[in-house]
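A.B. asks: Sharing a structure, written as structure tokens. Questions coming.
The values are calculated or read from the model by the stated rules, or taken from the named source; none is laboratory data. The structure presented is a predicted model; accordingly, all values stated were derived computationally and were not measured. Glycine also receives a Cβ, built like all others from the backbone with ideal geometry; neighbour counts cover every protein chain displayed.
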């Protein structure tokens with residue numbers, strides 16, 4: 001794949017180059033050359049110098065050859081036209097509608113965006129659209145900003161059976177709708193690029209995309225994709241800008257290298273076509289040939305495919321889409337709306353159509369994220385025995401990836417590409433108060449200064465770094481697991497949370513002061529919990545011989561272990577569970593907080609480190625660690641009926657997972673026997689696994705919560721960036 005022409009990602013990083021890898025003037029010259037080659041007026045506001053004149057003979061020769069091949073269609077269009085000829089062959093209406101043979105083919109990513117605005121203007125308006133040039137690129141505001149669903153799905157008769165919840169349309173009516181779609185009003189054909197001239201370019205624009213239908217199964221099945229052709233009147237070129245931004249640009253459809261029919265290894269054998277025609281809502285039922293209500297069948301009456309008043313508009317003048325498809329694997333859709341989401345959803349529909357005919361694969365309305373659990377290590381890392389004797393060593397890592405690492409004689413390595421990444425020994429100790437990263441190597445002690453902009457990689461792949469606490473002045477050590485979990489939410493209805501699964505919950509965490517009722521009384525109860533012997537907590541038959549209970553505050557017991565210790569369980573005796581139930585939640589929270597901040601050098605004198613202020617001679621309730629006010633993390637989960645927040649206390653060391661969005665809306669998937677795949681997680685015991693492929697190169701999300709200031713800081717940041 002050429003990522004520059006397909007996705008608009010230039011290796012030279014030209015800011016705002018529209019994906020052409022060219023400067024603005026060169027891009028405009030390029031478009032003028034394409035227009036001239038099609039015999040269309042060029043943009044007069046672009047200074048072409050002698051460029052067009054110099055190439056005049058070449059362009060005249062090209063146009064003459066094209067004129068002699070006026071009926072020629074590119075291979076994908078030939079397959080679509082053959083379907084139309086076959087599908088409509090039994091109709092008396094002649095001639096059968098024919099696809100445009102002289103559309104402006106958008107052969108590179110970014111052409112559609114340049115064509116959607118006049119070169120010297122920052123605003124363009126037409127009947128169906130308003131476009132604005134902004135710092136981030138371009139903003140398109142179509143006439144309809146949401147998809148109409150009720151009564152909008154129409155299917156032409158003559159192919160597969162039509163479900164009862166869809167409207168059945170006579171084949172002859174489909175043919176007339178298609179004929180009208182291919183002959184839009186002249187003003188709809190005008191390209192915004194040449195707007196305002198005495199002679200404007202008037203033509204269709206077209207786009208070829210190759211969305212994935214079936215993921216690759218290494219060693220067994222190659223990735224399979226279908227071909228889809230988009231046609232839009234020139235004024236609606238911005239719709240194709242949107243489509244290629246999500247699904248990429250499959251190149252010039254006239255070139256053999258882009259002919260899916262010659263790519264037998266990767267073509268699924270299915271072809272789709274989409275034509276934009278929002279003007280169809282002005283057609284009447286009578287002129288389309290629908291029967292009078294007195295002559296209509298019961299289904300036609302139910303579906304509204306008849307008329308009583310000759311002025312009745314088709315579908316009551318509301319947007320709709322009509323589709324024709326059959327077992328040959330071709331699906332043809334006309335969209336009577338320019339709402340951008342319709343184009344995306346139609347690609348989704350056509351992928352699903354192809355997957356159903358292809359077999360093995362499935363198109364899913366899914367969302368998902370690769371999530372990496374994070375852990376709060378407080379002020380020290382390395383004392384935990386989990387990271388000792390893991391079977392991994394830095395020497396092994398250097399042996400495997402030596403070219404990517406710069407080895408240091410002190411026994412650590414630095415990543416050559418990302419110098420902020422430091423590879424450390426297995427026995428590393430990181431001490432935040434001392435600001436040191438230390439380890440033993442060849443019998444000697446070595447250390448580095450701990451820096452906030454560095455990431456320290458353990459041989460297991462576990463990453464440790466410093467992070468400042470958002471609600472206070474303190475810092476802490478955060479660790480990220482090396483292996484993530486792919487959280488896949490399959491077959492999700494709209495509003496089912498497929499986008500939310502990839503969003504961090506960090507913005508929903510509220511930081512509040514940690515309150516106590518009566519400090520001395522509360523600490524007395526905490527002290528009793530610390531001093532209790534827990535050897536009798538489990539049922540006698542589950543106890544190990546000579547088992548001794550570990551102290552709550554010992555470094556050998558983690559905060560998670562303490563939480564488990566104070567949580568009722570079926571393994572515990574009824575008496576112990578009853579004792580746990582008698583402990584107020586605020587006391588448990590205080591136990592967890594003290595465990596979180598406890599340091600071994602305190603010994604048994606942990607109590608003197610916690611206090612409250614005195615206000616008007618009386619003890620207050622806001623807990624402090626020496627002179628530092630302590631903050632509790634709470635999660636907001638919805639609202640009560642009166643509008644009050646529903647807030648729940650989080651663990652004191654809770655850190656949201658790191659997430660990488662993997663999919664959002666359109667996913668192709670396939671089930672594979674686990675035994676046929678290598679390098680699966682050893683903990684995975686399922687006989688079958690699902691392989692997924694995100695069908696979108698750029699993920700399209702609607703950040704609903706961003707309308708409330710502070711609820712989606714990531715979106716606020718993204719929208720404010722140039």
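A.B. asks: List the residue pairs whose Cβ atoms are under 6 Å apart, where the first residue sits in the stretch 158-169 and is within 15 Å of residue 331 (Cβ to Cβ), the second is part of a loop (DSSP other than H, G, I, E, B), and the two are 6 or more positions apart or on different chains.
C.D. replies: 159/326
A.B. asks: So which residues in the stretch 706-722 are under 13 Å from residue 503 (Cβ atoms), surrounded by 13 or more Cβ atoms within 10 Å (Cβ to Cβ) and free of Cβ contacts under 8 Å to residues at least 60 places away in the same chain, if there are any at all?
C.D. replies: The answer is 706, 715.
A.B. asks: Let me ask something additional. Return only the number of the condition from (1) outside any loop (DSSP other than H, G, I, E, B); (2) closer than 27 Å to residue 595 by Cβ; (3) within 21 Å of the chain's Cα centre (by Cα) that residue 706 does not satisfy.
C.D. replies: Going through the list (1) outside any loop (DSSP other than H, G, I, E, B); (2) closer than 27 Å to residue 595 by Cβ; (3) within 21 Å of the chain's Cα centre (by Cα), residue 706 breaks only (2).
A.B. asks: Can you tell me which residue among 45, 5, 11 is more than 30 Å from residue 326 (Cβ to Cβ), surrounded by fewer than 16 Cβ atoms within 10 Å (Cβ to Cβ) and modelled with pLDDT of 70 or more?
C.D. replies: The conditions single out 45.
A.B. asks: Right, something else. Quickly run through the stretch 174-198 and pick out the residues that are within 16 Å of residue 324 (Cα to Cα) and in contact with a strand residue (DSSP E or B) (Cβ under 8 Å, 6 or more places away or on another chain).
C.D. replies: 174, 177, 178, 181, 182
A.B. asks: Can you tell which of 307, 267 is surrounded by 14 or more Cβ atoms within 10 Å (Cβ to Cβ), in the same structural domain as residue 113 (by TED's automatic domain parsing), touching a helix residue (DSSP H, G or I) at 6+ places or on another chain (Cβ under 9 Å) and free of Cβ contacts under 8 Å to residues at least 24 places away in the same chain?
C.D. replies: Working: 267 fails: free of Cβ contacts under 8 Å to residues at least 24 places away in the same chain.
Just one listed residue meets the conditions, 307.
A.B. asks: Here's something else I'd like to know. Kindly indicate whether any position in the stretch 235-244 is in a loop (DSSP other than H, G, I, E, B), modelled with pLDDT of 95 or more and touching a strand residue (DSSP E or B) at 6+ places or on another chain (Cβ under 9 Å).
C.D. replies: No, the stretch 235-244 has no match at all.
A.B. asks: Which pairs have Cβ atoms under 8 Å, sit 6 or more apart or on different chains, and link a residue in the stretch 544-570 that is assigned by TED's automatic domain parsing to the domain that holds residue 596 and modelled with pLDDT of 90 or more to one that is exposed (fewer than 13 other Cβ atoms within 10 Å of the Cβ) and part of a helix (DSSP H, G or I)?
C.D. replies: Between residues of the stretch 544-570 that are assigned by TED's automatic domain parsing to the domain that holds residue 596 and modelled with pLDDT of 90 or more and residues that are exposed (fewer than 13 other Cβ atoms within 10 Å of the Cβ) and part of a helix (DSSP H, G or I), the close pairs are 568/581.
A.B. asks: So for the stretch 661-677 (the condition being more than 30 Å from residue 510 (Cβ to Cβ), outside the structural domain of residue 479 (by TED's automatic domain parsing) and part of a loop (DSSP other than H, G, I, E, B)), does at least one residue qualify?
C.D. replies: Yes: the stretch 661-677 contains one or more residues that are more than 30 Å from residue 510 (Cβ to Cβ), outside the structural domain of residue 479 (by TED's automatic domain parsing) and part of a loop (DSSP other than H, G, I, E, B).
A.B. asks: Kindly check whether there is at least one residue in the stretch 95-109 that is over 17 Å from residue 181 (Cβ atoms), more than 33 Å from the chain's Cα centre (by Cα) and without any contact (Cβ under 8 Å) to a residue 60 or more places away in the chain.
C.D. replies: Taking the stretch 95-109 first, the residues over 17 Å from residue 181 (Cβ atoms) are 104-109.
Right, trim to more than 33 Å from the chain's Cα centre (by Cα) and you get none.
The answer is no, given that none of the residues of the stretch 95-109 is over 17 Å from residue 181 (Cβ atoms), more than 33 Å from the chain's Cα centre (by Cα) and without any contact (Cβ under 8 Å) to a residue 60 or more places away in the chain.
A.B. asks: For the stretch 671-689, what are the residues that are under 15 Å from residue 218 (Cα atoms) and touching a helix residue (DSSP H, G or I) at 6+ places or on another chain (Cβ under 9 Å)?
C.D. replies: Correct list: 680, 689.
A.B. asks: I've got another one for you. Sort out for me the strands (runs of 3 or more DSSP E) sitting completely within the stretch 99-175 that have 2 or more residues that are exposed (fewer than 15 other Cβ atoms within 10 Å of the Cβ).
C.D. replies: Once the strands (runs of 3 or more DSSP E) in the stretch 99-175 are filtered for at least 2 residues that are exposed (fewer than 15 other Cβ atoms within 10 Å of the Cβ), what remains is 123-125, 129-134, 137-142.
A.B. asks: Let me ask another. Confirm whether residue 714 is in contact with a helix residue (DSSP H, G or I) (Cβ under 6 Å, 6 or more places away or on another chain) and either part of a loop (DSSP other than H, G, I, E, B) or not assigned by TED's automatic domain parsing to the domain that holds residue 244 (or both).
C.D. replies: Considered against the rule, which asks whether it is in contact with a helix residue (DSSP H, G or I) (Cβ under 6 Å, 6 or more places away or on another chain) and either part of a loop (DSSP other than H, G, I, E, B) or not assigned by TED's automatic domain parsing to the domain that holds residue 244 (or both), residue 714 comes out as no.
A.B. asks: Scan the stretch 310-336 for residues that are crowded, with 20+ Cβ neighbours inside 10 Å and at positive phi and jot them down.
C.D. replies: 315
A.B. asks: Answer yes or no as to whether residue 178 is out of contact with any helix residue (DSSP H, G or I) (no Cβ under 7 Å at 6 or more places or on another chain) and either closer than 16 Å to residue 36 by Cα or surrounded by 24 or more Cβ atoms within 10 Å (Cβ to Cβ) (or both).
C.D. replies: Yes, satisfied.
A.B. asks: In the stretch 651-682, how many are closer than 21 Å to residue 372 by Cβ, surrounded by fewer than 17 Cβ atoms within 10 Å (Cβ to Cβ) and over 25 Å from the mean Cα position of the chain (by Cα)?
C.D. replies: Number satisfying all stated conditions: 4.
A.B. asks: Based on what the data block shows, is residue 225 under 41 Å from the mean Cα position of the chain (by Cα) and more than 22 Å from residue 204 (Cα to Cα)?
C.D. replies: Judged against the criteria, residue 225 is a match.
A.B. asks: To continue, here is another question. Would you call residue 637 modelled with pLDDT of 90 or more and either within 24 Å of residue 374 (Cβ to Cβ) or in contact with a strand residue (DSSP E or B) (Cβ under 8 Å, 6 or more places away or on another chain) (or both)?
C.D. replies: Criteria not met by residue 637.
A.B. asks: Looking at (1) assigned to a loop (DSSP other than H, G, I, E, B); (2) farther than 30 Å from residue 462 by Cβ; (3) at pLDDT below 90, can you tell me which one residue 696 breaks?
C.D. replies: Every condition holds for residue 696 apart from (3).
A.B. asks: Considering 489, 470, which residue is over 17 Å from residue 429 (Cβ atoms), surrounded by fewer than 13 Cβ atoms within 10 Å (Cβ to Cβ) and either touching a helix residue (DSSP H, G or I) at 6+ places or on another chain (Cβ under 6 Å) or assigned by TED's automatic domain parsing to the domain that holds residue 379 (or both)?
C.D. replies: Of 489, 470, the one residue that is over 17 Å from residue 429 (Cβ atoms), surrounded by fewer than 13 Cβ atoms within 10 Å (Cβ to Cβ) and either touching a helix residue (DSSP H, G or I) at 6+ places or on another chain (Cβ under 6 Å) or assigned by TED's automatic domain parsing to the domain that holds residue 379 (or both) is 470.
A.B. asks: Something else now. In this structure, is residue 252 in contact (Cβ under 8 Å) with a residue 40 or more places away in the chain, closer than 28 Å to residue 320 by Cβ, outside any strand (DSSP E or B) and in the same structural domain as residue 170 (by TED's automatic domain parsing)?
C.D. replies: Working: in contact (Cβ under 8 Å) with a residue 40 or more places away in the chain: yes; closer than 28 Å to residue 320 by Cβ: no; outside any strand (DSSP E or B): yes; in the same structural domain as residue 170 (by TED's automatic domain parsing): yes.
The answer is no for residue 252.
A.B. asks: Could you grab me the full set of residues in the stretch 261-280 that are more than 27 Å from the chain's Cα centre (by Cα) and farther than 17 Å from residue 323 by Cβ? Full working, then the answer.
C.D. replies: Taking the stretch 261-280 first, the residues more than 27 Å from the chain's Cα centre (by Cα) are 261-265, 269, 277-280.
Of everything in the stretch 261-280, those that are more than 27 Å from the chain's Cα centre (by Cα) and farther than 17 Å from residue 323 by Cβ turn out to be 261, 262, 263, 264, 265, 269, 279.
A.B. asks: Moving on to the next point. Would you mind telling me which numbered condition in (1) surrounded by fewer than 16 Cβ atoms within 10 Å (Cβ to Cβ); (2) over 30 Å from residue 507 (Cβ atoms); (3) modelled with pLDDT of 90 or more residue 586 fails?
C.D. replies: Here residue 586 meets the rest and fails (2).
A.B. asks: Further, regarding this structure: Name, by its number, the condition in (1) touching a strand residue (DSSP E or B) at 6+ places or on another chain (Cβ under 9 Å); (2) within 28 Å of residue 131 (Cα to Cα) that does not hold for residue 351.
C.D. replies: Going through (1) touching a strand residue (DSSP E or B) at 6+ places or on another chain (Cβ under 9 Å); (2) within 28 Å of residue 131 (Cα to Cα) one by one, residue 351 breaks only (2).
A.B. asks: Let me ask something else about it. Output the residues belonging to the stretch 324-339 that are under 23 Å from residue 142 (Cα atoms) and outside any strand (DSSP E or B).
C.D. replies: 336, 337, 338, 339
A.B. asks: Only residues that are surrounded by 15 or more Cβ atoms within 10 Å (Cβ to Cβ) and more than 21 Å from residue 598 (Cβ to Cβ): list them for the stretch 473-486, please.
C.D. replies: 480, 481, 484
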